[in-house]
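Taking it in order: structure first as structure tokens, then the write-up.
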Amino acid sequence: MQRMLRRQALVTGSLAFWITPGLYAEQLLLPTPRLTEGPFYPDKLPLDQDNDLILIKDSTTPAVGQIAHFTGRILSRSGQPIRNATIEIWQCDANAVYLHSADSNGKKDQQDKHFQGYGKFETASDGGYRFRTIKPVPYPGRPAPHIHIKVSRGDRELLTTQCMIRGHEGNARDGVFRSAGDIVDHELIQADFTKVPDSKMDEYRAEFDIVIGRTPDDRQLQRPRNS
């Protein structure tokens with residue numbers, strides 16, 4: 001809720017959304033900006049496609065990198081959760097290698113074979129999603145660490161975007177980040193990656209709500225798949 005309120009405060013330039021009862025409910029949320037899919041959506045999806053990218057199948061060897069719990073909700077502009085939406089994420093491993101033959105074929109010795117590289121999750125009635133992955137790292141030519149995201153429902157693709165680390169020094173030099181638009185758009189594609197208190201594994205967590213802008217009928221998106 002705090003993150004959604006911050007969206008509105010950015011647009012209005014006012015503290016009214018923090019102090020006026022009921023005002024927030026009457027406003028539409030800003031849609032998450034669309035960003036390029038990039039060249040490295042997996043050209044061959046892994047057999048393990050669950051929402052835990054740290055461990056592959058029954059392996060006991062975890063991926064290299066700082067563990068990140070990446071969560072949020074998928075919402076309509078009216079703030080209603082979108083159920084039965086599929087969210088896919090993909091990112092390079094801690095050694096800056098993607099799960100794509102055009103990237104990994106030349107980096108076999110560099111690639112972390114224990115990182116799943118791709119995962120997906122289907123939202124329930126609360127629109128929520130959750131992944132266990134690694135804190136993203138820079139990639140050659142992309143100084144802003146990022147997670148790629150695609151949201152669909154049924155056979156309809158709703159959004160392709162990226163999430164970057166709020167305040168990372170590489171953001172200002174990143175072409176995709178700069179192409180997102182103005183200061184408000186930049187806010188909407190960033191998330192705070194904060195350390196999990198008392199974690200013995202140097203874990204992080206990030207909350208990234210996704211607002212779908214192209215919704216001809218929000219009620220259509222909220223209906224159960226078979227209704």
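Some points to look at:
- Matching residues in region 53-90 - criterion: being without any contact (Cβ under 8 Å) to a residue 40 or more places away in the chain and under 19 Å from E203 (Cβ atoms): T60
- Among residues of region 153-172, those that are among the hydroxyl-bearing types (S, T, Y) and more than 17 Å from F208 (Cβ to Cβ), counted: 0
- Candidates D50, D93, filtered to the one that is open to solvent by 40 Å² or more (accessible area, probe 1.4 Å), closer than 30 Å to K200 by Cβ, charged (D, E, K, R) and modelled with pLDDT of 95 or more: D50
- Test: residue in region 103-110 that is part of a loop (DSSP other than H, G, I, E, B), surrounded by 20 or more Cβ atoms within 10 Å (Cβ to Cβ), out of contact with any Cys (no Cβ under 8 Å at 6 or more places or on another chain) and at pLDDT 95 or above: no
- Residue within region 58-77 that is part of a loop (DSSP other than H, G, I, E, B), among the acidic types (D, E) and either at pLDDT 95 or above or open to solvent by less than 40 Å² (accessible area, probe 1.4 Å) (or both) present: no
- Scanning region 78-97 for residues being assigned to a loop (DSSP other than H, G, I, E, B) and under 15 Å from the mean Cα position of the chain (by Cα) gives a total of 3.
- Long-range neighbours under 7 Å by Cβ, at least six apart or interchain, first residue within 19 Å of F40 (Cβ to Cβ) within region 109-128, second of a type in the set (F, W, Y): G117/W90; G117/Y98; Y118/W90; G119/F131
The values are calculated or read from the model by the stated rules, or taken from the named source; none is laboratory data. Just so it is clear, the structure is predicted and the values come from calculations on it, not from any experiment. Please note: Cβ atoms are built from the backbone with ideal geometry, for glycine as well, and neighbour counts cover all protein chains shown. In case anyone asks, the SASA skips ligands and DNA or RNA and just uses the protein heavy atoms, side chains included. Shrake-Rupley method; radii C 1.70, N 1.55, O 1.52, S 1.80 Å.
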